[in-house]
Every structure is written in C-alpha cells, then in structure tokens.
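The values are calculated or read from the model by the stated rules, or taken from the named source; none is laboratory data. Small disclaimer: the values here were computed from a predicted structure and weren't measured. Every residue, glycine among them, receives a Cβ derived from its backbone with ideal geometry; neighbour counts consider all protein chains shown.
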Amino acid sequence: MPGPADNAAIATDKSALLPGQPASFANVTSFDKGINGIMLDVSGGLPLTALAGLAGNLGFKVGAAGDPSGWANGPRPSQFTILPDAGVDGSDRIILVWADGAIRNTWLRVTVPALPQGGFNAPEAFYFGNLVGETGDGGGASGWRVSALDLGQVKRDLNKAAGITSPTDVNRDGRVNALDLGILKRALNQSLAPPLVPAPAAAAQALPPAALFSDGDGKSARLLDELLA
C-alpha cells in the first residue's frame, strides 16, 4: 500500500510537462519499470470525498508522439491513496499507482477534471514520459533515442553508487552495474518523440496562481521513480 515512505521515491530532477511548454529530459524518466507512480498535491482543504472523486475521475492517455487527442486510453491506476496534509505546504497528497511495466516507453497524459470548489474551473492536463535506458542526450524536435551514447554513459558509471536522480541506474537499485548495462543493451534503438502539447486555453490561463502544478504554490505533480513496497 502506498504511503508516506514513498516520498523517498520522488524523482526530484523530474517535473510535469505543461501545456505550452517544450518537452525536455526533465519530463522523461529512464526507469526500466516505466511510470508506476505519480503524486498529486492539492491545496484548498477539500474534503476527502471531493479528493476521492477527483482521483477517481482523472483521465489518462498514452502515446509515443504526435497529437495527444489521438492517443489511446491509458491504463487506470491499480490503486490510489489519499494522505491528508502530507503534501507540500500542508496540501493533501494523492498517490496514484500502476503495475510495473504498464506505462513504458511512452508518454502519459493526465487530465484533471473541472472542480470549481478546488480552483479547477476547467479541465487541466500534464504529461510525463518514459524511455527505458535514456540518459539525457538528444531532445528537442527529434526527441530521444537509446543509442551507443547512452550505453557508453552507463559503462563510464559502472560500479558507482547512484541516487534517485541517476539516469544510468535504470533499475533504481542504488548502484550502476551489469544489470543496468543489460537493460541498456536490450533497449537500444528505442525512441520517444516529443508530444504536440497544445497551448493552454485562455480560460485556463485566467485561473488564479494557485491553480495547479507550479512548485511552491501547494499544488503540483510529482513523478515516483521507484514505488516503495
């Protein structure tokens, strides 16, 4: 069951891709199990019933590139947990969990439904990507491809201890070793292009600063890069 201990799994070097922003490696994880957890911090003191309704009505799409409106429906989380007052600045934290490998080598779009009492006057969306083994070269319009450059980076880091932000510890076991090297070899030539993220609608731009996803305002999305047991 996800809980407070999963704070240790937050990928502190990653952030949500928002409408109107260019995609970067800061939005993409290299974790070999894909995207298996996201935290949403929601301020405003909503009752548990409203938070549960928000979590249960989130929309999910997955796709490797192109216009997100044409992407397939994404898998529903296998479970979610609400931790009152456990988020940034005392906000309420929603933890979403997927099975390992359910969202892999793809983008995930999460759409938050309108919830006026929580400050969401219109639906809002954010994105995270996963490309197993990608260490950060590439990007821009061409996107990313797991190549000999990534393999070389793992070889240079072999036998080093690694923290949660290490792009070469792709299995997140705390050390770069032969297991990571094997994962890179199997992932060679896999690629991920940036999505065509639309600019925010005028109505969304008019929302108050505490609307959603800006670090420091009490509402944000965080990626978990190794969901704890």
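Looking at this structure, is Asp169 more than 22 Å from Ala65 (Cα to Cα), among the acidic types (Asp, Glu) and not in a strand (DSSP E or B)?
So Asp169 fits the description; yes.
Quick check on my filter: what residues within the stretch 154-187 are of a type in the set (S, T, N, Q) and either touching a helix residue (DSSP H, G or I) at 6+ places or on another chain (Cβ under 8 Å) or farther than 23 Å from Ala9 by Cβ (or both)?
Those that are of a type in the set (S, T, N, Q) and either touching a helix residue (DSSP H, G or I) at 6+ places or on another chain (Cβ under 8 Å) or farther than 23 Å from Ala9 by Cβ (or both): Asn159, Thr168, Asn171.
Condition check ((1) crowded, with 17+ Cβ neighbours inside 10 Å; (2) closer than 18 Å to Lys185 by Cβ; (3) more than 19 Å from the chain's Cα centre (by Cα)) across all residues:
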{"site": "Ala114", "(1), (2), (3)": "no, no, yes"}
{"site": "Tyr127", "(1), (2), (3)": "yes, no, no"}
{"site": "Gly133", "(1), (2), (3)": "yes, yes, no"}
{"site": "Trp144", "(1), (2), (3)": "yes, yes, no"}
{"site": "Leu149", "(1), (2), (3)": "no, yes, yes"}
{"site": "Gly152", "(1), (2), (3)": "no, yes, yes"}
{"site": "Arg156", "(1), (2), (3)": "no, yes, yes"}
{"site": "Lys160", "(1), (2), (3)": "no, no, yes"}
{"site": "Gly163", "(1), (2), (3)": "no, no, no"}
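For every residue, the table says whether it meets (1) among the small types (Gly, Ala, Ser); (2) surrounded by 20 or more Cβ atoms within 10 Å (Cβ to Cβ); (3) modelled with pLDDT under 90; (4) touching a His at 6+ places or on another chain (Cβ under 9 Å).
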| position | (1), (2), (3), (4) |
| --- | --- |
| Phe60 | no, no, no, no |
| Ala72 | yes, no, no, no |
| Pro84 | no, no, no, no |
| Gly87 | yes, yes, yes, no |
| Val97 | no, no, no, no |
| Thr111 | no, no, no, no |
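Quick check on this structure: which one of Ala187, Ala141, Ala178 is of a type outside the set (Phe, Trp, Tyr), in contact with a Pro (Cβ under 8 Å, 6 or more places away or on another chain) and at negative phi?
The match here is Ala141.
Looking at Ala122 and the list (1) within 28 Å of Gly44 (Cβ to Cβ); (2) hydrophobic (A, V, I, L, M, F, W, C); (3) modelled with pLDDT under 95; (4) in contact with a strand residue (DSSP E or B) (Cβ under 7 Å, 6 or more places away or on another chain), which single condition is not satisfied?
(4)
Does Ala199 meet the test of being at pLDDT below 95 and in a helix (DSSP H, G or I)?
Against the criterion (at pLDDT below 95 and in a helix (DSSP H, G or I)), Ala199 does not qualify.
Return the only residue of Ala9, Ala50 being of a type in the set (Gly, Ala, Ser), over 10 Å from the mean Cα position of the chain (by Cα) and surrounded by fewer than 19 Cβ atoms within 10 Å (Cβ to Cβ).
None of the other options fit; the residue is Ala50.
Test of understanding: among Arg109, Arg104, which residue is over 21 Å from Asn171 (Cβ atoms) and of a type outside the set (Phe, Trp, Tyr)?
Only one candidate passes the filter, namely Arg109.
Would you tally the residues in the stretch 58-86 being in contact (Cβ under 8 Å) with a residue 40 or more places away in the chain and more than 25 Å from Lys33 (Cα to Cα)?
Residues meeting the conditions: 1.
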